[in-house]
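For reference, the structure is listed below as structure tokens.
The values are calculated or read from the model by the stated rules, or taken from the named source; none is laboratory data. Computed from a predicted structure; not experimentally measured. Every residue, glycine as well, gets a Cβ built from its backbone with ideal geometry; the counts of neighbours run over all protein chains shown. Calculation scope for accessible area: heavy atoms of the full protein, side chains included, ligands and nucleic acids excluded. Shrake-Rupley method; radii C 1.70, N 1.55, O 1.52, S 1.80 Å.
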Amino acid sequence: ISESMESSYVRKHGFQRPISPLQLCLIVVICLDSVVFGLFHVPMLEEMLWQILVTTIFGLTVVLMISAGVHVAITDPSHPDVPWKNGKLTEAGSFDAVGSNSLVCWTCRVRQEWRTEHCNTCNRCVSKFDHHCIWLNNCVGQRNYHSFWIAMVSATMMLATFILTGLFQLVKLCSMSEADTKDFLDEAFEFPVVKDSVMIVMSIVQIVNLPLLLLVGTLLIFHICIVRRDLTTLEYILAHISYDRAMEAESDAPTLQDGSRFSPLPRCVDWVVYRPRRSKKLKVVPQPAEAAEAAEVAKDQFEDGVKTSVPSQAATDSESVTRAQASPGGQAAGGGDSDILA
């Protein structure tokens with residue numbers, strides 16, 4: 001067990017290979033936005049005061065976002081007792097204090113306290129696990145959740161500043177005549193530019209950033225809502241799954257840690273983390289009249305014979321909901337890839 005554990009892959013930070021493709025896209029978007037903002041948005045502001053103000057706001061949000069994002073990525077949120085972290089393996093059978101209600105991760109050989117989950121993507125247990133961030137290529141837990149909040153807020157402010165200033169300039173260019181546009185661009189830029197080229201570049205970057213603002217803004221609203229409910233992202237997902245099963249079984253909604261009944265957030269908010277499962281519909285194949293009549297006769301003969309009791313689907317779903325609620329904090333034993341945000 002020790003040799004296999006030492007040779008297995010464990011992600012210790014977000015810059016460890018393999019790098020996430022979305023992580024590379026994030027770096028490209030930040031660089032592209034900074035260049036376009038400096039080359040087009042700022043020079044086209046006619047008043048110096050507005051140039052200084054907008055540049056300061058955009059620059060501060062970019063610095064905050066990069067600093068917080070790097071901190072989230074390089075921070076190791078692993079449980080402090082994972083063997084590879086303290087340089088030694090825990091011997092089998094040394095969990096003397098583990099009770100019947102305690103959970104043990106036999107991959108990391110640690111006790112899983114409340115909100116400690118094993119991430120299958122990183123192959124490690126994370127203290128106060130919230131989710132695995134595919135944009136930063138690292139787990140978000142107790143040690144880096146505050147930095148994740150700063151990254152979300154600053155990213156929302158940066159994208160909002162970029163989009164608002166860009167839309168303002170595009171509307172201004174569209175409302176100007178050809179002669180006024182030429183004079184305006186000649187005064188704003190030290191090099192000759194063409195109106196159509198400027199509008200195409202700015203429009204393309206706006207189209208790229210609008211979905212990102214929607215995504216990050218919705219994610220920020222989602223985390224505000226779950227913090228108010230004292231839930232993690234994983235707890236919300238598991239509770240929502242139990243809620244969907246309970247609704248299908250026409251039973252009560254699952255109970256949260258504080259004793260209250262779970263109620264899902266609107267779909268316009270939780271779409272960033274939760275995909276509702278689709279119920280499979282059985283296809284009814286039309287049968288010939290003779291086959292249908294034979295099936296009806298066989299059914300009557302079976303009903304007259306020995307009857308067996310078959311558990312209903314509602315009872316099965318209710319039992320699944322009960323087992324999901326029985327785990328500490330409403331969690332399952334492992335996080336897995338389902339913990340990943342969209």
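Quick notes
- Test for V201: is it in contact (Cβ under 8 Å) with a residue 60 or more places away in the chain and open to solvent by 30 Å² or more (accessible area, probe 1.4 Å): yes
- Within the range 191-283, helices (runs of 4 or more DSSP H) holding 2 or more residues that are within 30 Å of P43 (Cα to Cα) and among the polar types (S, T, N, Q): 195-228
- Evaluating A298 against the criteria (1) modelled with pLDDT of 65 or more; (2) open to solvent by 80 Å² or more (accessible area, probe 1.4 Å); (3) part of a helix (DSSP H, G or I) leaves one unmet condition, (2).
- Qualifying residue in the range 77-86 (condition: closer than 30 Å to A160 by Cβ and either crowded, with 17+ Cβ neighbours inside 10 Å or modelled with pLDDT under 95 (or both)): yes
- Residues in the range 55-87 that are of a type in the set (G, A, S) and in a helix (DSSP H, G or I): G59, S67, A68, G69, A73.
- Restricting the range 112-137 to residues that are among the hydrophobic types (A, V, I, L, M, F, W, C) and either surrounded by fewer than 21 Cβ atoms within 10 Å (Cβ to Cβ) or out of contact with any strand residue (DSSP E or B) (no Cβ under 6 Å at 6 or more places or on another chain) (or both) leaves a set whose member that is modelled with the lowest pLDDT is W114.
- Residue count, the range 40-54 (criterion: assigned to a helix (DSSP H, G or I) and surrounded by 15 or more Cβ atoms within 10 Å (Cβ to Cβ)): 4
- Considering residues of the range 9-34 that are open to solvent by 80 Å² or more (accessible area, probe 1.4 Å) and β-branched (V, I, T) only, the residue nearest to W135 (Cα to Cα): I27
- Leading residue by the ranking (most open to solvent (accessible area, probe 1.4 Å)) among those in the range 151-187 that are among the polar types (S, T, N, Q) and free of Cβ contacts under 8 Å to residues at least 24 places away in the same chain: S175
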